[in-house]
4 protein chains.
Amino acid sequence: MSVSTCSARRAGCADSFVLLASCPDRPGIVAAVTTFIAEHGGNILDLEQHVAVEDQMFFMRVEIARSGFSLGAAGFVPAFAPVAARFSMAWDIRDASTRQRMAIAVTREPHCLYDILARWQSGEWAVEIPLVFANRDDLRPVAAQFGIPMFVFPKTPENRLEQEQRELELLDTHRIDFIVLARYMQILSPAFIARYPNRILNIHHSFLPAFAGARPYHAAYERGVKIVGATSHYVTDELDRGPIIEQDVIRISHKDSVADMIRKGRDNEKIVLARAIRAHLEHRILVYRNRTVVFG
Amino acid sequence: MSVSTCSARRAGCADSFVLLASCPDRPGIVAAVTTFIAEHGGNILDLEQHVAVEDQMFFMRVEIARSGFSLGAAGFVPAFAPVAARFSMAWDIRDASTRQRMAIAVTREPHCLYDILARWQSGEWAVEIPLVFANRDDLRPVAAQFGIPMFVFPKTPENRLEQEQRELELLDTHRIDFIVLARYMQILSPAFIARYPNRILNIHHSFLPAFAGARPYHAAYERGVKIVGATSHYVTDELDRGPIIEQDVIRISHKDSVADMIRKGRDNEKIVLARAIRAHLEHRILVYRNRTVVFG
Amino acid sequence: MSVSTCSARRAGCADSFVLLASCPDRPGIVAAVTTFIAEHGGNILDLEQHVAVEDQMFFMRVEIARSGFSLGAAGFVPAFAPVAARFSMAWDIRDASTRQRMAIAVTREPHCLYDILARWQSGEWAVEIPLVFANRDDLRPVAAQFGIPMFVFPKTPENRLEQEQRELELLDTHRIDFIVLARYMQILSPAFIARYPNRILNIHHSFLPAFAGARPYHAAYERGVKIVGATSHYVTDELDRGPIIEQDVIRISHKDSVADMIRKGRDNEKIVLARAIRAHLEHRILVYRNRTVVFG
Amino acid sequence: MSVSTCSARRAGCADSFVLLASCPDRPGIVAAVTTFIAEHGGNILDLEQHVAVEDQMFFMRVEIARSGFSLGAAGFVPAFAPVAARFSMAWDIRDASTRQRMAIAVTREPHCLYDILARWQSGEWAVEIPLVFANRDDLRPVAAQFGIPMFVFPKTPENRLEQEQRELELLDTHRIDFIVLARYMQILSPAFIARYPNRILNIHHSFLPAFAGARPYHAAYERGVKIVGATSHYVTDELDRGPIIEQDVIRISHKDSVADMIRKGRDNEKIVLARAIRAHLEHRILVYRNRTVVFG
């Protein structure tokens, strides 16, 4: 299979492997890695590297065509280990043809859920969605209409950890790779989060770090800002403080009531979240010191 | 009912009337209209006016609270006629509580259809959607999943006018107020268009007037632009030449293949079309000399 | 002089008066004001109104052509007083032909100063710039090159209030109407600020309320945001907390070092500040509850 | 000198060499080039590569630290030739410490000239500006104020080629590397353009390919667009058809007259042109099939 048959090359070709790697910066890293790939017959479909000068850290994403590459994902590991060791590299190789399994968590707001399910159903993303889970029943018809099973775990301060335990079992059973909080209005416990490090994506309806916490559009109205934003980030123990994956903004004016801001903001939220999910699916994200490198 | 109970005032309060008017500019128009409204107990919820200096034309949109206003939409017509006559005014009064009836036309691309139906189903818009019509069968499952009847009229050069006749009958039967071409890949005949003047909205997947016609993303790629756009406009006899309602753009780069541009462009298209539909639904649009005044 | 000779009508016609007014909302305000204007032969060039529903407050800006208007700015005051009293109106009438006198305060960063002086010199704004003042000498050549006198008041914690007194005397002498802090890196005392309420414009190099205070680009880098902003606001006693006039943002990525963000941010800062200055010059801004209404 | 002393690394470190290369795509290019660099002690400060799949072409930009690199720009040429030959590579190595020499051409509009000269004077760019040339005298005071010699060559249809000859001699004398048309309202002859291939940057005041040619804001107003743009491109024989380097847009509305659009557009034009100049100065641009690859 030749390169040119992969029509959406940059969007991640299913017939490829993706190597993500980071290590302390020093001369010769790119040469060593690309030579290794060339020696095993690999054609580089895409290569991006970045050096965070302040931290003297090197980051790299390489997409290698399956065709002609003499190592598969399994064979890659022992073969590449000496190269990685030479540079004290943290690294990960993934087979782009393996579909990730995504769970979606929701509460009442449907716009992100609709948007995600429409993308999934129309085949825009290479992803499986085995289930939706929620703390309320409101959006059950939406999941049902797209044929996705929905599980409801109502939470009280008393039963919260117990319910989370049941959620985790459900996620395990369905071999979920990562979770998208699509306007999920519950705070997850540190124990839950620890099970999915850098694998829980949230959408917060403000331009973080401004207006973290509850009711950000109300706070934005009170402050009289002229622009409001949305932020997708990985969830960490600190509320709304995890590494930011994607942000975008929309312009508002004095004419916009809080209700207007909420309505306009929805369009921004769903697009920002969708971009973050896509970057995650295509293995474009490296996290370092609570910041992300998102390769383009 | 007091003003403050209308939570999304600017977004169009169902308990109001909307007056759209235009006339040659001269002193005293605003005073005459607002005095007329005050004399009949009307409270102005929102007033916007615009003067197109080059054309010496005056445009106005006034939203009047139903509560306290001694004239209904029917009573308004004869009472206002002398004021309108004095200024040679073209005008229209609408009861915001009357839901418009919208038909959607589609072909193969589903993203705008999903987006519109999700907004409708979640109650974002005050609109009825009695039907979807199409020239192909592809999107029947999407309409079905939202419970909207879909009618398919395959068209050939030979049967096109005949099929349009059947479409018009269907639209009549369902008392359709306006039509949204949601990536409908057929050109409508002048006779069809004449039946819905300034009441057929199209989304074109380019920043018009650049890249009118077929395959605009391919043309954009060929030209090497760094930004691509989408344009929603009213349909007129001249292809992609009707009055523009809304446009927006997204940034691309040399990294983006045509397939990437098509994919990224979809998000832009659906948002631009949704904004245009909302403006149409809220009676915010006046057309003059193939341009629009879209009150904010 | 007819309307059509005012080529940049919306940008504020020198042959006009501008009325800014606010009052508690109730029916009949627009009718009363526009009827008053019509009765005195005034032609309304532009009218914008806004109701802040949450606060039940009404805001209005009316631009009246000088030609035909039987009242001048002086005659307007007693004639309009009864109308204003009826609605408990706060209001202000200004003669657009009177050029405002602006002082600029700077420290070391030159980009906003260059941008403002270039606009002034090329006649983009109807403004006088009698002087620049600074706490350091660095930008003296820039002011000199544009022929603007520059005064330097070095400040220490000990002499700060004394130096401010000298600054205030200088501003008085030159009959300064408003002050622009063009990356002025000193905090003004409450006494100084009280002399120019809603007449000191600042540019802060972040998207407020995010990253208030010192070194916002460093803080933005640390937080790992994907977008950085700039904010122009009126100065109040609370640092970076005054009413926001204008904001805009630029997209950044992991590739951008702090130095890159500073460099890219400069372009954003100067444009945002220029827009805010223009809105102030054209009497488009009303302040209410630490928020602004900026008529478009 | 270590890497970390280059404070604005991505913005182009003066202590580096920049290699730009393109060739037909095939496996092993990155490995061959980076191995060559590593073998000569070079540390890669930045590497970006791109494959245009449709054209099966490979493009690369590599920034190599001067420190430790055993080859200078002169030594590089013969040493690298065999590698380049192996891949049929078009390539170019530049010493980033060498300041480019830029000429600016203007007519009447000053905003781009002010902006460029302010950036130059404040040291934002590593560039020399030996001269400004013009077809009219209007902007002589601006050039003078920044201490840049200005030469005026008034052109008529009769003397145009003769004047161009004099301009070319002037540019030769001053060893000009590239020319920026900063709202220069003259069309250059093919002979002139041929002397500076991909070395004449223009700013066109529209979102090309929309509104090419004269008076684009008037045309945009007539068409009723909701967004206007600016485009910087390399000049070729076909008017406004050269390879696009950078574009951006601003939102307008029905409220904006042509004069408003011209005024608002200026801010966009100067920023777009400045970004294009910076990319050119940092050797980030490769041209292929009338399109650009602009490495970020």
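If each residue of separation counts as 0.36 nm, what is the full-extension length gain between residue A:67 and residue A:79 once their alpha-carbon separation is subtracted?
On the way: separation 12, 0.36 × 12 = 4.32 nm, distance 1.80 nm.
Going from the current span to full extension adds 2.5 nm.
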Expected integer from the mean partner chain Cβ neighbour count at 10 Å over B:222-233 is 6
For the pair residue B:137 and residue D:26, the simple spin-label estimate (label points 7 Å beyond Cα toward Cβ) gives in nm 4.9
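Calculate the dipole size of segment D:219-259 relative to its Cα centre from +1 charges on Lys and Arg beta carbons and -1 charges on Asp and Glu beta carbons; express the result in debye to the nearest 20. List each step's numbers first, then the result.
On the way: 5 positive and 7 negative charges, 67 e Å.
Approximately 320 debye in magnitude.
What does the structure give for C:115-125 when I average, per residue, the other chain Cβ atoms found within 10 Å of the residue Cβ? Each step should come with its number before you reach the end.
Numbers: counts 6, 0, 3, 9, 6, 0, 5, 8, 1, 4, 0.
Mean shielding by partner chains, rounded to a whole number: 4.
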Answer check: segment A:222-296, Cα atoms, Kirkwood Rh, Rg/Rh ratio of 1.04
The long-range amide H neighbours of residue C:16, using H built 1.01 Å from N in the peptide plane and a cut-off of under 5 Å, are C:66, C:96, C:97
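With N denoting the number of residues in segment D:95-171, provide Rg(C-alpha) divided by 2.2 N^0.38 Å, to two decimal places. It would help to have the intermediate numbers written out before the result.
On the way: Rg = 13.5 Å, N = 77, 2.2 N^0.38 = 11.5 Å.
So the Cα radius of gyration is 1.17 times the expected 2.2 N^0.38 Å.
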To the nearest 10 degrees, the tilt of helix D:73-86 (Cα long axis) against the first principal axis of the alpha carbons of chain D is 80
Taking the alpha-carbon centre of each part, the distance from segment A:68-116 to segment B:197-261 in Å is 35
In degrees, nearest 10, the alpha-carbon axis of helix B:111-121 is tilted away from the dominant principal axis of the alpha carbons of chain B by 40
One decimal, nm, nearest first: from residue B:85 to the same residue in each other copy, label points 7 Å out along Cα→Cβ, the values are 4.0, 9.4, 9.9
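Over the whole of D:37-46, what's the average partner chain Cβ count within 10 Å per residue? Rounded to a whole number, please.
Per-residue shielding by partner chains comes out at 4.
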Under the 7 Å Cα-to-Cβ spin-label approximation, residue A:98 and residue C:152 lie apart by a distance in nanometres of 6.6
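Could you sort the peptides A:163-172, C:214-223 by per-residue average Cβ neighbour count (10 Å cutoff), highest mean leading?
Working: A:163-172: 15.8, C:214-223: 17.6.
Highest mean packing first, the order is C:214-223, A:163-172.
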extent check for segment A:16-95: Cα max minus min per principal axis, descending, whole Å, gives 38, 23, 19
Here the Cα Rg-to-2.2 N^0.38 Å ratio for segment C:64-119 is 1.81
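Any idea what % of Cα-Cα pairs in segment A:71-210 are farther than 26 Å?
Working: 3425 of 9730 pairs.
The proportion of pairs with Cα distances above 26 Å equals 35 percent.
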The simple spin-label model distance between residue B:88 and residue B:168, using points 7 Å out along Cα→Cβ, in nm, is 3.3
Helix C:29-39 sits off the longest principal axis of the Cα atoms of chain C, rounded to the nearest 10 on a 0 to 90 degree scale, by 60
Axis carrying D to C; for chain D the Cβ-nearest residue and its rounded Å distance come to D:145, 3
Copies of residue C:144 compared via label points 7 Å along Cα→Cβ give distances in nm, shortest first, of 1.8, 8.0, 8.2
For the table A:270/B:155; A:155/A:255; A:226/D:255, the rows whose alpha-carbon distance is greater than 27 Å are A:270/B:155; A:155/A:255
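Counting DSSP beta bridges in chain B, what percent are antiparallel, to the nearest 5?
Rounded to the nearest five, the antiparallel share is 70 percent.
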At R0 = 41 Å the Cβ-Cβ FRET efficiency linking residue C:194 and residue B:14, nearest 0.05, sits at 0.30
The orientation-averaged projected area of the Cα convex hull of the protein assembly as shown, in nm², is 48.6
Once the mean of 1/r over all distinct C-alpha pairs in chain A is inverted, the Kirkwood radius in Å reads 20.7
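Net charge near residue A:241: determine it from the other residues with C-beta under 14 Å of the C-beta of residue A:241, scoring Lys and Arg +1 and Asp and Glu -1.
Details: positive: A:289, A:291, C:223; negative: A:237, A:238, A:240, C:222.
Net local charge, residue A:241 excluded: -1.
Using only the Cα atoms of segment A:143-232, what semi-axes does the equivalent ellipsoid have when each is the square root of 5 times a gyration tensor eigenvalue? Give whole Å, largest first.
Numbers: eigenvalues 166, 47, 37 Å².
Working from the Cα gyration tensor, I get semi-axes of 29, 15, 14 Å.
FYI, it's all coordinate maths here, none of it is from the lab. All values derive from a computational prediction rather than experimental measurement. Methodologically, a virtual Cβ is constructed for each residue, glycine included, from the backbone with ideal geometry; neighbour enumeration extends over all protein chains shown.
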